[in-house]
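Below: the structure, in structure tokens.
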Amino acid sequence: MPNISVVIPVYNEEPGLGSLFARLYPALDALGSSYEVLFINDGSQDKSAALLREQFQKRPDVTRVILFNGNYGQHMAIMAGFERSRGVCVVTLDADLQNPPEEIARLIAEMDKGFDYVGSIRRKRQDSAWRRWASKAMNHMRERLTHIRMTDQGCMLRAYSREIIDAINQSKEVSTYIPALAYSFAHNPTEIEVEHEERAVGESKDSLYKLIRLNFDLVTGFSVVPLQLFSFIGITISLLSIIFVIFLAVRRVLVGPEAEGLFTLFGIAFFLIGITLFGIGLLGEYIGRIYQQVRERPRFVIQAILEKTE
Ligand code: UDP
Ligand code: MG
């Protein structure tokens, strides 16, 4: 069994693969530790698969390649890599060289200190002010709604322990965000700063749509607060409408009949709207439970058991 598995999803990365191989292998050889590299070709339409096959023939001792028949997305590709990985410690890396492979050594050094999850923060991130503001707002919302604490959720250069990978492999998630899922199984996480570069060749598959999807996955995957929100709104509206009706009754006595009872109608309508929203929220509670059940995530991860064995 190798010490380190490096999992790399590849989708239409033909122009950059050559320089990735040229930098990745020397960086890993320099670690002086046994390793394996797992490439997952996520249904690329260019020559990526052929290049991976060539690289496999060059270094069959440390290279493994998984070929998907179609495009299932970055996170599914990484999941496939996790399932086949054998390393004591598993590192994920993007194929586009935005995170330098030389940084893997620093992640491994942190793992050796006893951490089981090493996250990463992009140093001097090259993005527009608007993008940075949007990230900050999303980050804030995620911290409020879920228990996941991550300074920089967008960076995939991360290291995980074998226990975390096993827990992820047991989960039957369909859409998920791997760094967050891994975080929820970690008991001793840490973060380090890593270099981050512009994409040199090829194009980013990142779109606004993907960004929005990702944040939906993050919030719905790790919290049922959005479902409960409706219950809260419903109860609030019902309570306010009761106060409104009392106010109207008092006015009816003090001032006499007004606007032919129109406001009373409003009072009743608001009350009914409140009840409806509460009902939706209640449904949400049940759906939330069904959702948590069908994901079949391991309910807990045992770190160690102290007991006498015969
Ligand atoms: N990727 C993938 N399947 C996809 C999209 C992307 O395997 O459908 C891989 C891609 O080859 C790269 C990594 O995921 O190694 C990150 O993709 P990209 O650089 O486009 O995303 P960004 O860095 O812009 O978020
Ligand atoms: Mg990228």
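In the range 236-262, how many are touching a Phe, Trp or Tyr at 6+ places or on another chain (Cβ under 8 Å) and open to solvent by 70 Å² or more (accessible area, probe 1.4 Å)?
Selection size over the range 236-262: 2.
What pairs can you find where one residue is in the range 138-166 and within 16 Å of ligand 2 (Cβ to nearest atom), the other is open to solvent by less than 50 Å² (accessible area, probe 1.4 Å) and charged (D, E, K, R), and their Cβ atoms are less than 7 Å apart, with a gap of 6+ or different chains?
Taking only residues 6 or more apart or on different chains, the pairs are ASP152/ARG122; CYS155/ARG122; MET156/ASP94; LEU157/GLU103.
Six or more apart or on different chains, Cβ atoms under 6 Å: show the pairs whose first residue is in the range 172-195 and among the acidic types (Asp, Glu) and whose second is open to solvent by less than 40 Å² (accessible area, probe 1.4 Å) and part of a loop (DSSP other than H, G, I, E, B).
GLU173/ARG295; GLU195/PRO100
Considering each residue of the range 112-152, count those that are touching a Ser or Thr at 6+ places or on another chain (Cβ under 6 Å), at pLDDT 85 or above and over 17 Å from ILE178 (Cα atoms), and give that number.
Count: 1.
Looking only at the range 30-46, filter to residues that are in contact with a Gly (Cβ under 6 Å, 6 or more places away or on another chain) and in a strand (DSSP E or B); which one of those is nearest to SER5 (Cα to Cα)? Please lay out each step first, then the result.
Residues of the range 30-46 in contact with a Gly (Cβ under 6 Å, 6 or more places away or on another chain): 38, 40, 43.
Add one more test, that the residue is in a strand (DSSP E or B), and what stays is 38, 40.
Numbers: LEU38: 7, ILE40: 13 Å.
Only one residue tops the list, namely LEU38.
State whether one or more residues within the range 48-67 are open to solvent by less than 10 Å² (accessible area, probe 1.4 Å), over 25 Å from the mean Cα position of the chain (by Cα) and within 19 Å of ARG86 (Cα to Cα).
Scanning the range 48-67, I find at least one residue that is open to solvent by less than 10 Å² (accessible area, probe 1.4 Å), over 25 Å from the mean Cα position of the chain (by Cα) and within 19 Å of ARG86 (Cα to Cα), so the answer is yes.
Of these, GLY32, GLY43, which one is at positive phi and within 10 Å of ligand 1 (Cβ to nearest atom)?
GLY43
If the requirement is being in contact with an Asp or Glu (Cβ under 8 Å, 6 or more places away or on another chain) and among the hydrophobic types (A, V, I, L, M, F, W, C), which of these qualifies: ALA22, ALA27?
Step by step, each of ALA22, ALA27 is checked, and only ALA27 is in contact with an Asp or Glu (Cβ under 8 Å, 6 or more places away or on another chain) and among the hydrophobic types (A, V, I, L, M, F, W, C).
Out of PHE222, PHE300, which single residue is under 30 Å from the mean Cα position of the chain (by Cα), within 30 Å of ARG131 (Cβ to Cβ) and not basic (Lys, Arg)?
Result of the check over PHE222, PHE300: PHE222.
The values are calculated or read from the model by the stated rules, or taken from the named source; none is laboratory data. Fair warning: this is a prediction, and the values are worked out from it, not measured in the lab. Quick reminder, even Gly has a Cβ in these numbers, built from the backbone with ideal geometry, and neighbours come from all protein chains shown. Heavy atoms of the whole protein, side chains included, go into the accessibility calculation; ligands, DNA and RNA do not. Shrake-Rupley method; radii C 1.70, N 1.55, O 1.52, S 1.80 Å.
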